[in-house]
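The values are calculated or read from the model by the stated rules, or taken from the named source; none is laboratory data. Note that the structure is predicted; figures quoted are calculated from it, not measured. No Cβ is skipped: glycine too gets one built from the backbone with ideal geometry, and neighbour counts run over all protein chains shown.
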Amino acid sequence: MEIPAAIKKACDVVSSHYGALEEYFDDYIIDNESTLKLVQSFVDSLIELVSDAEVYVEAQATQYADALILTNPKAIRRIHSANVDTLSGELLDTLTAWEENPGFFCFFTIQERICKDFFAIEDCITGNTYKLYSPSLQDLQEKRESRNVHYLALMMNNGECLQASGTLHYTHYSSSDIDFLCNTFDATTFSSSGLTGLLLRHPTAMYYLDFQIPGNELVHNGHTLVLFYTSVPRLSYTFDPDYWTIDNRGKVASYGLERSSDAMRSAYPDETFWNDIAMAGMRVFKMEKHWVVLALYSQAFEALLTILGLSRDTEPVSVALSLVLHLQKHAKRLPWTPFSLLPEEEMHQESNQEMDMTALNTFFGKYSEAYNNGKPFDLISEARKLGIDEDLAKDLIEQMQKKRESRDYQVPEAEVKYRLEGWPVPPPAERDVFGDGILSSELFLILDSDETDDAFNVLSGNQWKEEIEEMGLFFFLQDAFSEEFYDDGVTILNTFLWILLHLSEQKVLVRSIALEIFCLFPFLNDFYEFEDFVERFSEKVYKLFCRTSLCTITHRVKREERKRGLYTVQASSFLKSIISPIG
């Protein structure tokens, strides 16, 4: 499917008119002292937060300046009136349309990719649904980091669909996280004027979405560390200092659970839980007019409610721990202020510790860098250089290795015979790129052309001609694997091609390739049983590669062979002519 002509025309007109009106927007900002002060204040605040990111600051300042105009019918009307004798009729009509239907900020998710550059989206705050034309959003789907996450944009309605103006922000934070963020900045404005009103008044809130802590979620013993909290009007409970750390400040107080009592274990009988509550973060805060109860994962929150005599049906607010700590770092007022989420002694450790943590962090940093890049690591030499006890260093490294091995896919003895050799196994630090779109991953040299698409259509009997014309061959393959394996589809396709093309001079068992993918990305084991994965992978390879001459096979493949991946494939001369691995 292609974007309907009327919609594409409306999008092109708005893009063209926006470019033509930019200088008039700039003049309005410069001539309007109060608006100029808002922009300058925002720039000054951003520079304090990210002093070394000039391009980012400039982009955000431009978007904020545009938002002060495009969301404000009065400002648009003034620009219209001031330039009625100089602007063309079409540009004046566009300003009138924007005045009648002003812009707004939208925090959204993708519901459906209708076709290239065109999406159905849902506003996570209002629940409203829209059609959005956005090549930038299409580009973000090419990177694993920015694919199918949450997005924030300044939206304009062109009468046919929405278009994004300026930076298209993406974040792994959820709608409950942004709700917490907005209420932290200004609950009154957020309640009365929504997200748009909040961001116009407090534009630095966007910084917390753009500069979230990188990396995976924090996990402890299988529990994802997320802040769960609730407020209750009253609490009848005696906090015994033998079990609770108490910080009493008159009208307010903080209570942190340090160890469990027999009564607690009786009320919540789960010995496994009570034997390890170091990371549970079970806290209670007495505020002037209410109490705040919180913990760092769901079971800990449930246990805390139980021992306090509160209903376990209480629905908590859940917030990303990284967001809370980031807000706390910048002294934002949180529901438990004046107390810190982490005790002060944890945030500011004494400098005279027995172990030099700086040296230990440096040691682990060097080890991780070597491991992730597949390089040797001289444990003894590095420990001596940094003054770390050698036996302690050995013990810690062994523990890390055991932990990594426990996460690896343990190949069953019956499958060992299917392991492959002779292909370059990427070290851990280079594996994330396999989740990026095939055209943007820099894993392959690709001949992405109309001639390639036409040749594939001939080889496939024009079975997917419409899709190929819309997306191109490589995006079509990527889309097909994503339909089967969701967010993991791109990773699986890239790895399949990486192995297949590096072993292009030999016939390779499909089951063997599936096994290598499972070993390279053990997180797949959390979502798929191996046999189920092999069957689904094998069917996709057979349909898209074997029946289209992208791969050659030696014989007619039986149904049972396809199910178990027990047939060989080899990259065809056509496939090798349009894609080859780099390195």
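Count of the range 415-442 residues, restricted to those that are free of Cβ contacts under 8 Å to residues at least 60 places away in the same chain and basic (Lys, Arg), is 1.
Scanning the range 456-465 for residues that are modelled with pLDDT under 95, polar (S, T, N, Q), within 25 Å of Leu566 (Cβ to Cβ) and part of a helix (DSSP H, G or I) turns up nothing.
Number of residues in the range 555-583 that are assigned to a helix (DSSP H, G or I) and not charged (D, E, K, R): the value is 5. Cβ-Cβ distances below 6 Å connect the following pairs, each with a first residue in the range 299-326 that is more than 17 Å from Leu235 (Cβ to Cβ), a second residue that is among the charged types (D, E, K, R), and a separation of six or more residues or different chains: Val319/Asp177; Ala320/Asp177; Leu323/Asp177. When Leu199 is tested against (1) crowded, with 20+ Cβ neighbours inside 10 Å; (2) over 20 Å from Leu327 (Cβ atoms); (3) touching a Cys at 6+ places or on another chain (Cβ under 9 Å), just one condition goes unmet, and that condition is (2). Do you know which residues across the range 288-298 are in contact (Cβ under 8 Å) with a residue 60 or more places away in the chain and part of a loop (DSSP other than H, G, I, E, B)? Within the range 288-298, Leu296, Tyr297 qualify.
Summed over the range 481-510, residues that are of a type in the set (Asp, Glu) and buried (at least 20 other Cβ atoms within 10 Å of the Cβ) total 1. Considering only residues of the range 148-178 that are surrounded by fewer than 19 Cβ atoms within 10 Å (Cβ to Cβ) and in a helix (DSSP H, G or I), which is farthest from the chain's Cα centre (by Cα)? Taking the candidates together, the pick is Ser176. Name the one entry in Ile468, Ile517 that is under 23 Å from Gly435 (Cβ atoms), assigned to a helix (DSSP H, G or I) and in contact with a helix residue (DSSP H, G or I) (Cβ under 8 Å, 6 or more places away or on another chain). The conditions single out Ile517.
Taking the criterion of being among the acidic types (Asp, Glu) and either in a helix (DSSP H, G or I) or surrounded by fewer than 16 Cβ atoms within 10 Å (Cβ to Cβ) (or both), the residues of the range 429-455 that qualify are Glu430, Asp432, Glu442, Asp448, Asp450, Glu451, Asp453, Asp454. Kindly indicate whether any position in the range 546-554 is under 36 Å from the mean Cα position of the chain (by Cα), assigned by the TED database to the domain that holds Asp453 and in a helix (DSSP H, G or I). Looking through the range 546-554, at least one residue is under 36 Å from the mean Cα position of the chain (by Cα), assigned by the TED database to the domain that holds Asp453 and in a helix (DSSP H, G or I). Residues of the range 67-97 that are loosely packed, with under 13 Cβ neighbours inside 10 Å and within 38 Å of the chain's Cα centre (by Cα): Lys74 alone.
In the set Tyr64, Tyr56, only one residue is surrounded by fewer than 21 Cβ atoms within 10 Å (Cβ to Cβ) and among the aromatic types (Phe, Trp, Tyr); that residue is Tyr56. Filtered by the rule that a residue be within 29 Å of the chain's Cα centre (by Cα), modelled with pLDDT of 95 or more and either more than 19 Å from Leu200 (Cβ to Cβ) or of a type in the set (A, V, I, L, M) (or both), the range 98-117 gives Thr109, Ile110, Gln111.
Against the conditions (1) modelled with pLDDT of 95 or more; (2) within 21 Å of the chain's Cα centre (by Cα); (3) closer than 30 Å to Tyr64 by Cβ, Thr189 satisfies every one except (2).
Here is a yes/no grid of residues against (1) in contact with a His (Cβ under 6 Å, 6 or more places away or on another chain); (2) under 22 Å from Pro412 (Cβ atoms); (3) assigned by the TED database to the domain that holds Glu112; (4) not in a helix (DSSP H, G or I):
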site	(1), (2), (3), (4)
Leu477	no, no, no, no
Ala480	no, no, no, no
Glu484	no, no, no, no
Asp488	no, yes, no, no
Phe496	no, yes, no, no
Leu501	no, no, no, no
Glu505	no, no, no, yes
Phe523	no, yes, no, no
Val534	no, yes, no, no
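May I ask you to verify whether Leu49 is in the same structural domain as Arg113 (by the TED database), at pLDDT below 95, farther than 21 Å from Glu160 by Cα and not aromatic (Phe, Trp, Tyr)? The answer is yes for Leu49. Restricting attention to the range 461-472, and to residues there that are under 29 Å from the mean Cα position of the chain (by Cα) and in contact (Cβ under 8 Å) with a residue 40 or more places away in the chain, which single residue is surrounded by the most Cβ atoms within 10 Å (Cβ to Cβ)? Going through the qualifying residues, I end up with Met471.
The residues of the range 219-269 that are assigned to a loop (DSSP other than H, G, I, E, B), among the polar types (S, T, N, Q) and within 30 Å of Asp526 (Cα to Cα) amount to a single one, Asn221.
Looking only at the range 121-138, residues that are in contact (Cβ under 8 Å) with a residue 40 or more places away in the chain, assigned to a loop (DSSP other than H, G, I, E, B) and not β-branched (Val, Ile, Thr) come to 1 in all.
Of all the numbered requirements in (1) surrounded by fewer than 14 Cβ atoms within 10 Å (Cβ to Cβ); (2) closer than 28 Å to Tyr173 by Cβ; (3) over 29 Å from the mean Cα position of the chain (by Cα), Gly256 misses one, and that requirement is (1).
The number of residues in the range 99-130 being hydroxyl-bearing (Ser, Thr, Tyr) and touching a helix residue (DSSP H, G or I) at 6+ places or on another chain (Cβ under 8 Å) comes to 1. Criterion first (loosely packed, with under 12 Cβ neighbours inside 10 Å and outside the structural domain of Gly565 (by the TED database)) does Asp395 satisfy it? When the stated conditions are applied, Asp395 passes them.
Within the range 303-345, the residues that satisfy the criterion of being among the small types (Gly, Ala, Ser) and either surrounded by fewer than 19 Cβ atoms within 10 Å (Cβ to Cβ) or assigned to a helix (DSSP H, G or I) (or both) are Ala303, Gly309, Ser311, Ser318, Ser322, Ala331, Ser340. Is there any pair linking a residue in the range 75-104 that is within 17 Å of Asp27 (Cβ to Cβ) to one that is surrounded by fewer than 16 Cβ atoms within 10 Å (Cβ to Cβ) and of a type in the set (Gly, Ala, Ser), with Cβ under 8 Å and at least six apart or on different chains, and which? Correct list of pairs: Leu91/Ala20.
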